[in-house]
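So the structure is just underneath, and the comments pick up after that.
The values are calculated or read from the model by the stated rules, or taken from the named source; none is laboratory data. The model shown is predicted, which means the values in this text are computed figures rather than measured ones. Cβ atoms come from the backbone with ideal geometry, glycine included; neighbour counts cover every protein chain shown.
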Amino acid sequence: MHDVPTGLQLTVFDETFRNRPYEFFEILRRVDPVHLDTMLGRIALTRAADVAAVLKNRSLSVDHSNAGPDSIVQKFITAQDREAPRSMLVLDDPDHGRLRRLVSYAFNARAIDAMKPKVAAIADTLLDAIDGMESFDLVEAYAAPLPIIVIADMLGVDPADRGEFRRWSKGLANVFSPVRTPELLAGLKANSDELSAYFGRVIAERRAVPREDLISALISVQEDGDRLNDEEIVTMCNLLLLAGNLTTTDLIGNTVLALLTHSDQRAKLIARPELVVEAVEETLRRDPPVMQSLRIPTEDYFIGGVPVSAGSAITTFLMAAGQDPALHANPLAYDIERADKTHFAFGGGVHFCLGAPLARIEAQIAIARLFERLPGLSLAGKPIERNMSAAFNGVKELWVVPQPV
């Protein structure tokens, strides 16, 4: 009988969890699937059925103010956090619904579909820069810059500022960390302030002279006379940059890693490029870029027959749910032709990720172009280290060689 992992063991600060989280998920699902983590102050869920039920439940809150004093939310939240403008991620209806509706007018399927040729062109430009290299870090050279350039292009920001976007993204990667040192908080504030000031300037410019870009569209959207104010647009742009860039970088990196460590699956993809859609979905199921999601019951609640008190912080482990053997046979196998790839990588319910279509398009095009241009790609043999990020799941570096060594 294994000891039940708990507390910091269920965070990236634990080496096993950071590199082999499935080991702990398997123990929890079998021994304590509705786990009371008294050390951090949360309920940890690892079964697909429980995670699905929680994500779909409209009565559960994401508003941190509804969390109890002993919860992980209140234990680690700071005055700096409380004073920061709140995005859709931490708003309940009707505020969440209002923002989502207005943003959806601008961030719509037509706008995302129109990005497909641009994403392909950006991928090719990045691959041109790699051409001739004996080896390269796929994250730094390809997976990270691609989504930054895409979202910068959509927002209409100056291409010369993309380097700053990358710096701000990396500087805000640990915004969800439960270990909040003074150094971390100072770094988060500095990056957030710089990013918000930047978007504030661009919004002022677009109000004066609108362009064909997402920021201009966010300024112009209205519903029954309701519009987004400047703070709401800045907060949305920050969210697009942070959540959109980091998660898509990790999705691309995790998919390439899976294909390079499963030669049979890579061979299938190269023989049948249309399988790229399936390859990305299998990564979202098995190794998703977002590890977990939070919900807070505002009244006493039952999960899988277990009572949960109002104000509890419920951590739904999205990766664990996608790897649940009750949902998928041989769940740790990477099989791009798996018939059922049900996953929870984009959350669920009213908070299902608004950027999911864009993330899918970016990853599919990036992977397809990469293996079309470099079919002999292989790992360079360097150690692969996972990011120390509380919410985002990916690798720090992924060194590859264009041809087999």
Check: Which ones in the range 96-110 are surrounded by 16 or more Cβ atoms within 10 Å (Cβ to Cβ), assigned to a helix (DSSP H, G or I) and either on the phi > 0 side of the Ramachandran plot or out of contact with any Asp or Glu (no Cβ under 8 Å at 6 or more places or on another chain) (or both)?
Finding: H96, R100, V103, A106
Checklist line | Index of the failed condition, R211 passing every other in (1) closer than 28 Å to V280 by Cβ; (2) part of a loop (DSSP other than H, G, I, E, B) | finding: (1)
Check: When the range 103-154 is examined, which residues are found to be aromatic (F, W, Y) and under 21 Å from K396 (Cβ atoms)?
Finding: F136, Y142
Item checked: Sole residue being of a type in the set (V, I, T), more than 15 Å from the chain's Cα centre (by Cα), surrounded by 22 or more Cβ atoms within 10 Å (Cβ to Cβ) and on the phi < 0 side of the Ramachandran plot, chosen from V306, V276 -> V276
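Residue-by-condition table, conditions (1) more than 21 Å from the chain's Cα centre (by Cα); (2) at pLDDT 95 or above; (3) closer than 25 Å to A258 by Cβ; (4) buried (at least 17 other Cβ atoms within 10 Å of the Cβ):
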site: D113; (1), (2), (3), (4): no, no, no, no
site: D137; (1), (2), (3), (4): no, yes, yes, yes
site: I149; (1), (2), (3), (4): no, no, yes, yes
site: A152; (1), (2), (3), (4): no, no, no, yes
site: D158; (1), (2), (3), (4): yes, no, no, no
site: R162; (1), (2), (3), (4): no, no, no, no
site: V175; (1), (2), (3), (4): no, no, no, yes
Note to self: What pairs come out if I take residues in the range 18-30 that are under 14 Å from L45 (Cβ atoms) and pair them with residues that are modelled with pLDDT of 95 or more and acidic (D, E) whose C-beta lies under 7 Å away, six or more apart or interchain?
What the structure shows: R29/D324
Next item on the list: Among the residues of the range 24-65, write down those that are part of a loop (DSSP other than H, G, I, E, B) and of a type in the set (A, V, I, L, M, F, W, C).
Entry: M39, L40, L60, V62
Notebook entry, point to check: What do you reckon, is T247 over 30 Å from L91 (Cα atoms), touching a strand residue (DSSP E or B) at 6+ places or on another chain (Cβ under 8 Å) and touching a residue at least 40 places away in the same chain (Cβ under 8 Å)?
Noted result: no
Next item on the list: Quick one: which residue in F25, F17, F13 is aromatic (F, W, Y) and either at pLDDT below 95 or closer than 21 Å to P297 by Cα (or both)?
Entry: F13
Checklist line | Test result for D93, in contact (Cβ under 8 Å) with a residue 60 or more places away in the chain, of a type in the set (D, E), more than 30 Å from L146 (Cα to Cα) and surrounded by 19 or more Cβ atoms within 10 Å (Cβ to Cβ) | finding: no
Margin query: If the requirement is being polar (S, T, N, Q) and over 19 Å from the mean Cα position of the chain (by Cα), which of these qualifies: S87, S61?
Written below: S61
Next item on the list: Being in a loop (DSSP other than H, G, I, E, B), touching a residue at least 12 places away in the same chain (Cβ under 8 Å) and buried (at least 22 other Cβ atoms within 10 Å of the Cβ) narrows it down to one of P331, P288, so name that one.
Entry: P288
